[in-house]
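Undergrad: Pasting a structure below so you can have a look.
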Amino acid sequence: MSKESIYGMTYDQLTEWLTSHGQKRFRAEQVWSWLYKKRVASFSEMNNVNNETIELLEENFVLHTLEEDIRQESKDGTIKFLFKMADGNLIETVLMRFHYGLSVCVTTQVGCNIGCSFCASGLLRKNRDLTSGEIVEQIMNVQKHLDAQGKDERVSHIVVMGIGEPLDNFTNLMDFIYVVNDDKGLNIGARHITVSTSGLAHKIYEFADTDIQVNLAISLHAPNDELRTSIMKINKAFPIEKLMKSVEYYLQKKNRRITYEYIMLRDVNDHREEAIQLAKLLHNHRHLAYVNLIPYNTVDEHIEYQRSESTSIQAFYETLKERGINCGVRWENGADIDAACGQLRSKQINKKKAI
Ligand code: SAH
Ligand code: SF4
């Protein structure tokens, strides 16, 4: 069996592992600091750690399971990484530059079983969940890339919006969050981490019960069941009413604002009527709601969907605003480098198939 990535363990798990293997507790703090502060490339660089501990780590763990397959840089500074995992599967990670910091979009599954009709990731059914180590390693690789540029830049924000449904890989997702949030290591603030879900209501309850204040985004994309089911088949299992019940529970527990993502699909969900319905749906929670209108990135395999006209996006935005709903339009980053979720990966896989 291949060795596990050391990045998969939370601080408590690493402490527990080391002590159960006869090591002193303080070794965990040393190792952690080498991993996440000094960001070493090998265990042997941990020069204040005794040889016995280093050998033990080398025998049981690895520091690299991802290999960079492709790196594309956009004119606006967005960088898209395609990583090959130890089993040959390809995943995407994107670094985006904003005025407030550097944000990384991570992948949580190889493919996605939710199968939304507009999405490039859903074209490939889920092959497996990523381990927590593979999710953390995406951040580490991007951070190491930044370190190598020597500009003292740091990943400050994370969006879990890459390939996959994060709440369908719940334990690994939470371990990942605990690792990157740890203040002895990367120290990325919980409020700077956003998890996006297609609306797995039963998992939203679980997420609400966690002890960490991470942001939640829900991919709503339609204000009524008929339309939502036609573009997101998950709506059959978790229709809007069920979803909104879990939202109420989340709001009660966390009292934190939820972002509702709404892709603007031309002539599908972008009429005034849908904006009015959406405003009604969110009316009771409007103080803790933010609607993110996302101009659709066209996907070659889904020619039936087009991006809404900018006049329709503007009109939709204004209808929501008039009704007291906080909202904004997310103009995309990296449009010249296939930045939409899953696009680079699906292109690469198709290219490889064609060869
Ligand atoms: N599976 C999760 C997270 C990954 S998708 C989810 O669905 O929320 C992240 C966001 O990108 C979702 O809101 C998704 O609907 C959106 N998205 C998918 N394909 C897109 C496309 N082609 N253009 C714009 N947004 C897209
Ligand atoms: Fe999966 Fe999200 Fe794409 Fe839907 S939008 S298929 S849930 S990755």
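Every number in this text was worked out from the coordinates using simple rules, so none of it is lab data. All of these numbers come straight from a predicted model, not from anything done at the bench. Neighbour counts run over all protein chains shown; Cβ positions are idealised from the backbone, glycine included.
Undergrad: Arrange ARG307, ARG25 by Cβ neighbour counts within 10 Å, fewest through most, would you?
TA: Lowest count first: ARG25, ARG307.
Undergrad: Please identify every one of the trypsin sites (Lys or Arg not before Pro) in segment 135-229 that sits in a loop by DSSP and has no more than 11 other beta carbons within 10 Å of its own beta carbon.
TA: LYS151
Undergrad: Further question: Taking square-rooted eigenvalues a ≥ b ≥ c of the alpha carbon gyration tensor, is segment 150-230 rounded, prolate or oblate, where a/c under 1.5 means rounded and, failing that, a/b exceeding b/c means prolate?
TA: prolate
Undergrad: Additional query: Can you grab the distance from the C-alpha centre of segment 124-177 to the C-alpha centre of segment 291-312, Å, no decimals?
TA: Distance between centres, Cα-based: 26 Å.
Undergrad: If you don't mind, another one. Relative to the longest principal Cα axis of the chain, at what angle does helix 26-36 sit, 0 to 90 degrees, rounded to 10?
TA: Once rounded, the angle reads 50 degrees.
Undergrad: Using a cut-off of 13 Å between beta-carbons, work out the net charge of the residues near LEU186 (Lys and Arg +1, Asp and Glu -1, LEU186 not included). It would help to have the intermediate numbers written out before the result.
TA: Values: positive: LYS37, LYS38, ARG39, LYS144, ARG154, LYS184; negative: GLU137, ASP147, ASP182, ASP183.
Residues close to LEU186 contribute a combined charge of +2.
Undergrad: Measure out, as a whole number of angstrom, how far apart the alpha-carbon centroids of segment 78-108 and segment 215-273 sit.
TA: If we compute the Cα centre of each part, the gap is 26 Å.
Undergrad: For the Cα atoms of the chain, what angle does the longest principal axis make with the long axis of helix 11-20, in degrees from 0 to 90, nearest 10?
TA: Roughly 30 degrees between the two axes.
Undergrad: Now, a different point. Given the options ASN169, ASN255, ASN224, which has the most mean-square fluctuation in a GNM of the chain, springs set between C-alpha atoms less than 10 angstrom apart?
TA: ASN255
Undergrad: Sticking with this one: Roughly what angle does helix 240-254 make with the longest principal axis of the chain, taking Cα atoms, 0 to 90 degrees, to the nearest 10?
TA: 50 degrees
Undergrad: Work from the charge dipole of the chain (Cβ charges, +1 for Lys and Arg, -1 for Asp and Glu, about the Cα centre) and give the residue of ASN48, PRO223, ASN169 farthest towards its positive end.
TA: So the residue we want is PRO223.
Undergrad: Could I ask something else about it? Can you show me the helix-derived [θ] at 222 nm for the chain, built from DSSP H runs with n ≥ 4 at -39,500 (n - 2.57) apiece and divided by the number of residues, rounded to the nearest 500. Before the final figure, lay out the partial values.
TA: Values: 12 runs with 131 residues, N = 355.
Counting only the DSSP helices, I get -11000 deg cm²/dmol.
Undergrad: Go through LYS203/LYS236; LYS126/LYS203; LYS37/LYS84; LYS80/LYS144; LYS75/LYS151 and tell me which ones have a Cα-Cα distance over 22 Å in this structure. Before the final figure, lay out each step's value.
TA: Working: LYS203/LYS236 16 Å; LYS126/LYS203 18 Å; LYS37/LYS84 25 Å; LYS80/LYS144 14 Å; LYS75/LYS151 18 Å.
The answer is LYS37/LYS84.
Undergrad: Could I ask something else about it? Taking the C-alpha atoms of segment 4-62, how large are the radius of gyration and the largest Cα-Cα span, Dmax, in Å?
TA: Cα radius of gyration and Dmax of segment 4-62 are 10.1, 25 Å respectively.
Undergrad: Mean 1/r over all different Cα pairs, inverted: what Kirkwood radius does the chain give, in Å?
TA: Numbers: mean 1/r = 0.0469 Å⁻¹.
Roughly 21.3 Å, rounded to one decimal.
Undergrad: Let me ask something else about it. For the chain, calculate the relative contact order in percent as a whole number, restricting contacts to Cα pairs under 8 Å that are 6 or more residues apart.
TA: The normalised contact order for the chain reaches 15 percent.
Undergrad: DSSP loop trypsin sites (Lys or Arg not before Pro) in segment 95-142 with at most 12 other Cβ atoms within 10 Å of their Cβ, which ones?
TA: ARG125
Undergrad: What does the charge add up to near GLY115, with Lys and Arg as +1, Asp and Glu as -1, over the other residues with Cβ less than 13 Å from its Cβ?
TA: It works out to a net charge of +1.
Undergrad: For the chain, build the charge dipole from Cβ charges (+1 Lys, Arg; -1 Asp, Glu) around the Cα centre, then report which of ALA315, VAL106, MET85 sits farthest towards its positive end.
TA: ALA315
Undergrad: Quick one: net charge around ASP12, please, counting Lys, Arg +1 and Asp, Glu -1 for every other residue with C-beta under 15 Å from its C-beta.
TA: Residues close to ASP12 contribute a combined charge of -3.
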